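Structure, as structure tokens:
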Amino acid sequence: MNMKTCIRLLTLLLIFAETSYPQTKAEKRGDIGADAPPGKPYIYKQSAGKPRQMEIYFPPNHNPAKSKVPGMILFHGGSWGGGSLSQFRIACAYFASRGLVCATAEYRKLSAAEAEQLPPGVTKKRACVTDAKSAIRWFKQNAAELGIDPRRVIAGGGSAGGHISALATMNSGLNDPADPQEFDTGVVAYLWFNPAFSAGDKEDPEIDILRHLKADLPPAIVFFGDKDGWKKGWDVAHAKWKSLGTETIDLQIAPGQSHSFFNSDPWQTVTLIAADRFLAKHGLLKGEPTKARLASGERLVPPVP
């Protein structure tokens, strides 16, 4: 038995052992998402000699043998060189409480020294995208054990994580040769929290969103503060999508807010409620959001035409 097969068998044993984990105190109180502990850890691959981890949150009383629910995988931000899984723990815990199997995945981040060794025209962002593709494939490959429907996977992320999730699902390249290529990285919807699309990416076509846009984009909800400097890059991509005839993007604006506004309340709650309604609209959730709107009254607005 080779090493790859051993790792695969160990992973499956961990999944079987952990999908029916005891309820946390927050789950028992019924307010999961108010403060979210780490999800159950899984190693989805080895890259650059290090294990790459994702944390997974399961719905209450989830039985993988009997239930195949939509899955969600979110990628944290951090300028393609930092960040942590903690960014989307509250979001994952909340959407798990609503019935999804939710994962948040880390990825390889090149150091400054490693980035300096790259050939001209190649940026450190490529390694992030390759690992994100591996994470999505692992999620689908283990769908039966996790209790998800691999045909109903939602992807997204914040800032750099939004960019990474977009390229991981749209660019047919940047694949890890060790990945099972029979599993694609396509998804049925996106949750993008101020995705960081940059005009500077044109120097490396593999990570330039403008080179990989398609008219038939799955439904996407996108959140931006109107004071966010990264919105300029988004506006260019959005305009090109619209020129292609794309009509599946729901852009929502947080007035007076800058980058990463969604990471804390009140806007964290506001964006999660909006994302919940978006997923329900597209048949990926049922019922009304269980998070209560805050009394302070902050609201998202449509973009100015």
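The values are calculated or read from the model by the stated rules, or taken from the named source; none is laboratory data. All values reported here derive from a predicted model rather than from experimental measurement. Positions of Cβ are generated from backbone atoms using ideal geometry, with glycine treated the same way; all protein chains shown enter the neighbour counts.
Residues satisfying the criterion are present in the range 243-253 (criterion: polar (S, T, N, Q) and either within 23 Å of Glu298 (Cα to Cα) or touching a residue at least 60 places away in the same chain (Cβ under 8 Å) (or both)). Just one of the numbered conditions (1) in contact with a Ser or Thr (Cβ under 9 Å, 6 or more places away or on another chain); (2) polar (S, T, N, Q); (3) closer than 26 Å to Gly233 by Cα is not true of Asn142: (3).
Test Glu206 against the stated conditions and say whether it is surrounded by 15 or more Cβ atoms within 10 Å (Cβ to Cβ), at pLDDT 95 or above and among the acidic types (Asp, Glu).
Criteria met by Glu206.
Having 1 or more residues that are at pLDDT 95 or above, closer than 30 Å to Ala292 by Cα and more than 19 Å from the chain's Cα centre (by Cα) is the bar; report the strands (runs of 3 or more DSSP E) wholly within the range 20-126 that clear it.
Because the criterion is at least 1 residues that are at pLDDT 95 or above, closer than 30 Å to Ala292 by Cα and more than 19 Å from the chain's Cα centre (by Cα), no strands (runs of 3 or more DSSP E) in the range 20-126 meet it.
For the range 234-256, the set of residues classified as under 18 Å from Ala275 (Cα atoms) and surrounded by 15 or more Cβ atoms within 10 Å (Cβ to Cβ) consists of Thr248, Ile249, Asp250, Leu251, Gln252, Ile253, Ala254, listed by residue number. Entry remark, the range 178-214: residues being without any contact (Cβ under 8 Å) to a residue 12 or more places away in the chain and of a type in the set (Asp, Glu) number 2 in total. For the range 132-189, a residue qualifies if it is hydroxyl-bearing (Ser, Thr, Tyr), more than 20 Å from Lys214 (Cα to Cα) and outside any loop (DSSP other than H, G, I, E, B), and exactly one does: Ser134. Restricting attention to the range 268-305 and to residues that are of a type outside the set (Phe, Trp, Tyr), in contact with a strand residue (DSSP E or B) (Cβ under 8 Å, 6 or more places away or on another chain) and not in a loop (DSSP other than H, G, I, E, B), the residue that is surrounded by the fewest Cβ atoms within 10 Å (Cβ to Cβ) turns out to be Val301.
Within the set Ala168, Ala178, Ala144, the sole residue that is touching a strand residue (DSSP E or B) at 6+ places or on another chain (Cβ under 9 Å) and buried (at least 17 other Cβ atoms within 10 Å of the Cβ) turns out to be Ala168.
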